[in-house]
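The structure under discussion appears below in the form of structure tokens.
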Amino acid sequence: YQRRVHGRDLQPKPPMPALELDEYIDTLRGGGKLEEEQVRLLCEKAKEVLLKEENVHHVACPVTVCGDVHGQFYDLKELFRIGGDVPDTNYLFMGDYVDRGYFSVETVSLLVALKVRYPHRIAILRGNHESRQITQVYGFYDECLRKYASPAVWMYFTDLFDYLPLTGVVENQIFCLHGGLSPAIETLDNIRSMDRVQEVPHEGPMCDLLWSDPDDRPGWNLSPRGAGYNFGPDVAEKFNHRNGLSLVARAHQLVMEGYNWSHERNVVTIFSAPNYCYRCGNQAAIMELDDMLNYTFLQFEPAPRPPGFHKFPRCPDYFL
């Protein structure tokens, strides 16, 4: 087959050998990083994999749903230690793999390599930090320059980010996304019809899905983030009812216990970066869904820090 995206032809290439991908994954799990050319090849193959997925990516249960990880690579390894490794456990990650933490390169490299190696065992959605503009401010761009002495790796990954699905739905019941709802979106079909292969816009429905937050106030309100909206309990209840959903699972906000119910349990926030920015003192959590969509939250603390950790540059300040 052949797909044409924004004037560019993406023709299928021979699949990456599993042995080669396993070597990539072993290197990354051991704390190493890929060579620049390996990143390029990996991202090209990942684009082909992601192009086959819809804007509302269907996910089967059982699956473990995860929130922000923000470049905290050793805490991602702790997440896999607690939740189980891929491919033994199925995962759905809801975005924000990069920025803030000191190991965004290793974190996003591992998740993308796992996606290419086990495309039906792990789903990776787009977060508001999977964008060119945000990553130039909050750490990923600078980290790529520091580790590769070139912006090429940053360009490979940020080009790839345009292909990430915007949302997922587990068994047509649990709607998963990074941020929240949009006044321009009433049904999942509205999302399915969107053109996602682009930089995250400053406004509009695609922006809202990655930036919005739940709020106790009813209706739609302006967001203090400067992008997206704050949406009320009435909005979430109406959206779930109209689309036959039981729950909206989302990430995007620091919650001190790692997860937080809101909107009369129509919405749950999941945050998977413990001690966020290495100073917030929060727990992290993941949500396990079994074959019957029963949920269990697993909370965890930060992993031990590697030697020399204190020598890394401090995370830039940003509203949480």
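The values are calculated or read from the model by the stated rules, or taken from the named source; none is laboratory data. Being a predicted model, the structure only gives us computed values, none of them experimental. Positions of Cβ are backbone-derived with ideal geometry, glycine not excepted, and every protein chain shown enters the neighbour counts. These area figures cover heavy atoms from the full protein model, side chains too; ligands, DNA and RNA do not enter into them. Shrake-Rupley method; radii C 1.70, N 1.55, O 1.52, S 1.80 Å.
Which of the residues spanning the stretch 26-46 are open to solvent by 20 Å² or more (accessible area, probe 1.4 Å), in a loop (DSSP other than H, G, I, E, B) and within 26 Å of ILE82 (Cβ to Cβ)? Hits for the stretch 26-46 are GLY30, GLY31, GLY32, LYS33.
Considering the conditions (1) open to solvent by less than 10 Å² (accessible area, probe 1.4 Å); (2) within 20 Å of GLU20 (Cβ to Cβ); (3) under 16 Å from the mean Cα position of the chain (by Cα); (4) β-branched (Val, Ile, Thr), VAL116 is excluded by exactly one of them, (1).
Name the residue, out of GLY67, GLY83, that is under 28 Å from ARG225 (Cα atoms), out of contact with any Pro (no Cβ under 6 Å at 6 or more places or on another chain) and among the small types (Gly, Ala, Ser).
On the way: GLY83 fails: under 28 Å from ARG225 (Cα atoms).
The match here is GLY67.
Would it be correct to say that THR89 is among the hydroxyl-bearing types (Ser, Thr, Tyr) and assigned to a loop (DSSP other than H, G, I, E, B)?
Taking the combined requirement at face value, the residue satisfies it.
Residues are listed down the side, and each one gets a yes or a no for (1) at pLDDT 95 or above; (2) open to solvent by 50 Å² or more (accessible area, probe 1.4 Å):
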| residue | (1), (2) |
| --- | --- |
| ASP9 | no, yes |
| ALA18 | no, no |
| GLU48 | yes, no |
| VAL59 | yes, no |
| GLY67 | yes, no |
| GLN72 | yes, no |
